[in-house]
Amino acid sequence: MKLENPFPEYGYFGSEYFCDREQETQRMIEALQNGSNVTLIAPRRIGKTGLIHHVFERMKVTDKRAQCFYVDVFPTKTFSQMVQFVANAVMGKLDTPSQSIKRKLNNFIAALRPTMSPDPITGAPTFSFAVEPENARETLTQVFEYMKESGQMCYLAIDEFQQVSNYNEIGADSFIRSIIQFVPNVHIIFSGSQQHLLSDMFMSPKHPFFNSSQIMTIKEIDVEKYGTFANNFFKKQGREMSQDVFTYLYNMVDGQTWYVQKILNRLYRTPKEELTEKTVNNAVGIILGEQEINYQSSYNLLTENQALLLTAIAREGVVNAPTSLDFIMRYRLPAPSSVKLALKSLQDKEFVFQTEKGEYIVYDRFFGMWLKRLE
Ligand SMILES: Nc1ncnc2c1ncn2[C@@H]1O[C@H](COP(=O)(O)OP(=O)(O)O)[C@@H](O)[C@H]1O
Ligand SMILES: [Mg+2]
């Protein structure tokens, strides 16, 4: 697929538009092909979803029969919705001539009475159906049996898997674990961004997923490689982005992939402009302007203490000890106990992110810049 703008802000469009991640890709493929499940944990917008699609694309090249399924369960609020999403992604997609698998599919269809409609583009039949809560476990079992029966290697990515910990259904996670154990030809990628929830699920001995999969994380794309990658596209426009200017851009947003892409995308639209720190600043200014209404309304929804604390974190950039007297005095914040409360709710709402080093930052880098300008 050829893109007008080589710096997409959403989605995966093939390796041409995908920078590096060679080692991560290799590592994930190795784990999956050696029979492990993989748990990918990293902050939002760093490139987890992209990596999964990249891995799938690679695997399909080496093994044409590999079956790869991707499901994003972010919108799901219950276990049965999750099952529905997974079933929709998998059922009917394995084209194998086996009779028993056809029977499995037919039974499944008979039980759920899905509505079938042609895909608007390919014309292939697609199913959609509702999974009732009382059938959820049975349905998920059938989905896995369907894959098992096919005898093909199946790779299933469940993205935003931390949603599972919000479901009311008791034991949803142990149930999932119990069925995947018995399906040797299916390997799963669990992926998600809420470190504490996921690490609890996969690293605590109390939890059913303990030791059941290989944990992986990804960091920022290497600045040199990313700079070269970006410059190659600008060269085609007859321009040049020096490594210095790229590094300036990259550091502005802590090398977080989505933000880097967003700025590059914007710069690519003005092919006559020289690529300097000044034009980078302008591009960022335009992006912040476009988001102004959103930022303003997010800000208005905060309590006074939350707004004070968030703005203080934005101005400081990185905060080690938000309840320290020094920090509180400097930004005229309320008492430590109130700061603690406000911090907790800012973290829950994902306005504030705690890094691996334990430091606090504004999660959305552009929102952080916007707040910093607020006086
Ligand atoms: N290796 C990469 N090279 C170029 N763009 C990337 C790369 N990885 C991710 N992106 C882009 O960055 C943005 C965020 O990536 P995404 O995979 O959605 O992050 P996450 O799933 O971690 O939230 C998307 O626009 C995606 O196209
Ligand atoms: Mg994602």
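The values are calculated or read from the model by the stated rules, or taken from the named source; none is laboratory data. Keep in mind the model is a prediction, meaning the values are calculated, not measured. Note that we place each Cβ from the backbone using ideal geometry, even for glycine, and neighbour counts take in every protein chain shown. Ligands, DNA and RNA are excluded from the accessible area calculation, which covers all protein heavy atoms including side chains. Shrake-Rupley method; radii C 1.70, N 1.55, O 1.52, S 1.80 Å.
Data overview
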read-out	value
Residue match in segment 26-38 (condition: over 19 Å from Phe202 (Cα atoms) and not polar (S, T, N, Q))	yes
Residue in segment 75-96 that is open to solvent by 20 Å² or more (accessible area, probe 1.4 Å) and within 14 Å of ligand 2 (Cβ to nearest atom) present	yes
Pair list, Cβ < 9 Å and 6+ apart or interchain, from segment 229-241 residues that are outside the structural domain of Arg269 (by TED's automatic domain parsing) to residues that are open to solvent by less than 70 Å² (accessible area, probe 1.4 Å) and among the acidic types (Asp, Glu)	none
Hits in segment 210-246 (condition: surrounded by fewer than 16 Cβ atoms within 10 Å (Cβ to Cβ) and hydroxyl-bearing (Ser, Thr, Tyr))	Thr217, Thr228, Ser242
Count of segment 1-56 residues which are closer than 16 Å to Ala230 by Cα and part of a helix (DSSP H, G or I)	3
Hey, Gly92 assigned to a loop (DSSP other than H, G, I, E, B), modelled with pLDDT under 95, more than 16 Å from ligand 1 (Cβ to nearest atom) and touching a helix residue (DSSP H, G or I) at 6+ places or on another chain (Cβ under 7 Å) or not	yes
Residue pairs meeting the criteria (Cβ under 9 Å; at least 6 apart or on separate chains; first open to solvent by less than 40 Å² (accessible area, probe 1.4 Å), in segment 258-272; second within 12 Å of ligand 1 (Cβ to nearest atom) and not in a loop (DSSP other than H, G, I, E, B))	Val260/Tyr226; Val260/Ala230; Leu264/Ala230; Leu264/Phe233; Leu267/Ala230
Meets criteria (part of a helix (DSSP H, G or I) and under 29 Å from Glu356 (Cβ atoms)) for Asp254	no
Hits in segment 133-153 (condition: in contact with a strand residue (DSSP E or B) (Cβ under 8 Å, 6 or more places away or on another chain) and within 13 Å of Thr78 (Cβ to Cβ))	none
Sole exception among (1) farther than 26 Å from Asp364 by Cβ; (2) outside the structural domain of Ile189 (by TED's automatic domain parsing); (3) under 28 Å from the mean Cα position of the chain (by Cα) for Val280, by number	(1)
Helices (runs of 4 or more DSSP H) wholly inside segment 267-375 that include at least 1 residues being within 30 Å of Gln237 (Cβ to Cβ)	277-300, 365-373
In segment 247-256, residue farthest from Glu24 (Cα to Cα) [restricted to those that are open to solvent by 20 Å² or more (accessible area, probe 1.4 Å) and within 23 Å of the chain's Cα centre (by Cα)]	Met252
Residue in segment 1-48 that is farthest from Leu267 (Cα to Cα), counting only those that are more than 9 Å from ligand 1 (Cβ to nearest atom) and among the hydroxyl-bearing types (Ser, Thr, Tyr)	Ser36
Scope segment 154-208; condition within 22 Å of the chain's Cα centre (by Cα) and among the aromatic types (Phe, Trp, Tyr); matching residues	Tyr155, Phe161, Tyr167, Phe190, Phe202
Extreme residue, nearest to ligand 2 (Cβ to nearest atom), among residues of segment 6-63 that are without any contact (Cβ under 8 Å) to a residue 60 or more places away in the chain and among the small types (Gly, Ala, Ser)	Gly11
Scan of segment 220-241 for residues that are under 23 Å from Thr355 (Cβ atoms) and of a type in the set (Lys, Arg), ordered by number	Lys225
Count - residues of segment 298-342 that are surrounded by 12 or more Cβ atoms within 10 Å (Cβ to Cβ) and either of a type in the set (Asp, Glu) or touching a Cys at 6+ places or on another chain (Cβ under 6 Å) (or both)	1
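So that you can scan it fast, the table gives a plain yes or no per residue for (1) open to solvent by 60 Å² or more (accessible area, probe 1.4 Å); (2) free of Cβ contacts under 8 Å to residues at least 24 places away in the same chain:
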residue	(1), (2)
Gly123	no, yes
Lys148	yes, no
Gln152	no, no
Ser165	no, no
Ser174	no, no
Ile179	no, no
